[in-house]
Amino acid sequence: MSLEWLTGWSGSLDRLRDVIGTGIQSVRDCNTAALGTVAFLLAMFVWYCYHIGREQPRSYVTVNSLMQGIDGSSMQNGYTHCHSPECVRCAHSDGLNQKLYHNLQEYAKRYSWSGMGRIHKAIREQGRYLTSRPSIQKPEVFFLPDLPTTPYFSREAQKHDVELLERNFPTILCEFEALYKAFSNCSLPQGWKVNSTPSGEWLTFFLVNQGTCVPRNCRKCPRTYRLLGSLRTCVGNNAFGNACISVLTPGTVIAEHYGPTNIRIRCHLGLKTPSNCELVVGGEPQCWAEGRCLLFDDSFLHTAFHGGSPEDGPRVVFMVDLWHPNVAAAERQALDFIFAPGR
């Protein structure tokens, strides 16, 4: 080794010894309490980093999912969702669009691409449709383009089914009244669901829930359930189809919300319609009438309320989802396949 290298190494050791000595003297001169505080804060920081690193992401819990945990049932109503990956309303849009396109391809391979142009366009540009829609109409899940849009539909839109429902008004009312007698014991009878509302009570009794029959409930309303099979335009085979008895008690307000799609129109057959009850769709108010059907597009912003007194009793409608009249037969078949329950 050269003399210059040894001299340089010796100098480095001297400088290092001076730095260590200075540091030790600084610690001796420092306040003991301050050192303790710094040490405590450092330990807390290390613990915090360790804790955050191990913590698992928390799942978002809704009122609806809590209620499902109680009775093991599925979705409670049309706008409070379960956030389940299997639920068509709760899936993330990107994953949902890929899934829908896969389902459309599978349908076309089995049957035909004929008549699928509008559905293909809808799936391809779904993100743009859902984000660019005016706030008055904003379906949450699926928008089919080029359909006439209006908050309310005339009775002529689905004349056969409207007339059939109205002819069977006494039958449906009779089965509802038999069900409602069970409320006399002040507890929620089996089969009924309580929906989230800002005030009052909104109860539903589903015969068909998101395209799935509820056998226990259908056995309690056999004639009403058989009637569904006679409707020509009932949406009964996909996740957008529902049929239920809907009850609002006096003082109930349903928060404004949007339905999941514009491919259906919702039909309300009035069973019990006290005064001071209104449905507001797209800013336009309408009143129910006993024995009459009211048709509306629930992809528009809508709400309902019962402003009557307790003496007026509940507002009751039989609700069933019908196809939008401008959805072609080939498109209905494809949409039933694409949005089949559980697909």
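The values are calculated or read from the model by the stated rules, or taken from the named source; none is laboratory data. For clarity, every value in this text was computed on a predicted model and none was experimentally measured. When we count neighbours, we look across all protein chains shown, and the Cβ atoms used for this are built from the backbone with ideal geometry, even at glycine. For accessibility, only protein heavy atoms count, side chains too; no ligands or nucleic acids. Shrake-Rupley method; radii C 1.70, N 1.55, O 1.52, S 1.80 Å.
Worth a mention:
- Count of the stretch 78-123 residues which are modelled with pLDDT of 90 or more and among the hydrophobic types (A, V, I, L, M, F, W, C): 8
- Scanning the stretch 230-249 for residues that are at pLDDT 95 or above and open to solvent by 40 Å² or more (accessible area, probe 1.4 Å) yields 230, 232.
- Within the stretch 156-172, the set of residues being surrounded by 11 or more Cβ atoms within 10 Å (Cβ to Cβ), in a helix (DSSP H, G or I) and more than 29 Å from the chain's Cα centre (by Cα) comprises 159, 160, 163, 164, 166, 167, 169, 171.
- In the condition set (1) in contact with a Gly (Cβ under 7 Å, 6 or more places away or on another chain); (2) within 30 Å of residue 106 (Cα to Cα); (3) of a type in the set (D, E, K, R), residue 332 is compliant with all but (1).
- Just one of the listed residues (163, 177) is under 16 Å from residue 227 (Cβ atoms) and free of Cβ contacts under 8 Å to residues at least 24 places away in the same chain, and it is 163.
- All positions within the stretch 119-155 that are part of a loop (DSSP other than H, G, I, E, B) and open to solvent by less than 30 Å² (accessible area, probe 1.4 Å): 139, 141, 143, 144, 145, 147, 151
- Verdict on residue 224 being polar (S, T, N, Q), surrounded by 18 or more Cβ atoms within 10 Å (Cβ to Cβ) and in contact with a helix residue (DSSP H, G or I) (Cβ under 8 Å, 6 or more places away or on another chain): yes
- Selection within the stretch 124-150 - hydrophobic (A, V, I, L, M, F, W, C), under 17 Å from residue 264 (Cβ atoms) and at pLDDT 85 or above: 141, 142, 143, 144, 147
- Failed item in (1) without any contact (Cβ under 8 Å) to a residue 24 or more places away in the chain; (2) under 27 Å from residue 141 (Cα atoms); (3) hydroxyl-bearing (Ser, Thr, Tyr), with residue 187 passing the rest: (2)
- Residue check for residue 306: buried (at least 19 other Cβ atoms within 10 Å of the Cβ), at pLDDT 95 or above and over 20 Å from residue 241 (Cβ atoms): yes
- Hits in the stretch 186-213 - residues which are crowded, with 18+ Cβ neighbours inside 10 Å and part of a loop (DSSP other than H, G, I, E, B): 191, 197, 210, 211
- In summary, residue 342 fulfils each of the numbered conditions (1) surrounded by fewer than 18 Cβ atoms within 10 Å (Cβ to Cβ); (2) in contact with a Phe, Trp or Tyr (Cβ under 7 Å, 6 or more places away or on another chain) with the single exception of condition (2).
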